[in-house]
Structures are given as structure tokens and as C-alpha cells.
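As C-alpha cells, the structure follows; a few thoughts come after it.
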Amino acid sequence: MFQLTESARNQLERYFANQEKSPIRVYLAAGWGGPRLALALDEQKENDNVYEVQGFQFLVDKSLMETAAPIEVDMNEAGFVIKSSLKIDPTGGCGSCTSC
């Protein structure tokens, strides 16, 4: 299952207002605070699940979708938030770091 909240849809509509809509990939990104789900514009690959949601096309690698489903793309004051059942270390993988 793949969902897009109204606030996220509104932000995407504003982003694509003056340009052609592109497929949006949901992917597992590595970051300083640990892995997280993120969004990027991309082209469809043969190992993708494709979700048409409220006029937007979302791409998710099949193996990622198996472990992360359901996925919901939301929006808050900091930007897009991708919620899923994926178990990511809430400490951000930084539990032994003394500078965090």
C-alpha cells in the first residue's frame, strides 16, 4: 500500500506547477544520522513497483517495498516525511558517538 497525504500532494503540486511531472523515487538514503527513506526524481527501472497516486507516479524498488510497506508520504514544517514499517534505529545509528 502507498499513500500520499493532502499536505504532501499540495507541496508536490506547487513544485511541479511550472514543469512537467517526473516520476518520484522513494529510496533508502544513508545519512549522517543513519539510514532513512527519502525522495528523488528518477526514471523507472525494471525492478520497481510503480504507484500512481493522486496524479503522481511513485517508484519503489520491489525489495524495499517488501520490507517497508505500507509507505506514506507526508509533509511537515521541515519537509517531506516518509513513514513506513521499516525498522530504522531511532538513535540514527549514532549510539556510540560521543559528539552527538
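The values are calculated or read from the model by the stated rules, or taken from the named source; none is laboratory data. Keep in mind that what you see is a predicted model, and the values were worked out from it rather than measured. Reconstructed Cβ throughout: ideal geometry from the backbone, glycine too, with neighbour counts over all protein chains shown. When the accessible area is computed, the model is the full protein with side chains, heavy atoms only, and any ligands, DNA or RNA have been set aside. Shrake-Rupley method; radii C 1.70, N 1.55, O 1.52, S 1.80 Å.
Things to note:
- Exactly one residue among L41, L28 is open to solvent by 80 Å² or more (accessible area, probe 1.4 Å), within 12 Å of the chain's Cα centre (by Cα) and free of Cβ contacts under 8 Å to residues at least 24 places away in the same chain, and that residue is L41.
- Residue selected from segment 69-81 under the condition outside any strand (DSSP E or B) and in contact (Cβ under 8 Å) with a residue 40 or more places away in the chain, by the criterion surrounded by the fewest Cβ atoms within 10 Å (Cβ to Cβ): P70
- The residue list S96, S85, S63 contains one member that is modelled with pLDDT of 95 or more and hydroxyl-bearing (S, T, Y), which is S63.
- Residues located in segment 1-25, provided they are hydrophobic (A, V, I, L, M, F, W, C), farther than 13 Å from F80 by Cβ and either free of Cβ contacts under 8 Å to residues at least 60 places away in the same chain or open to solvent by 40 Å² or more (accessible area, probe 1.4 Å) (or both): M1, F16, A17
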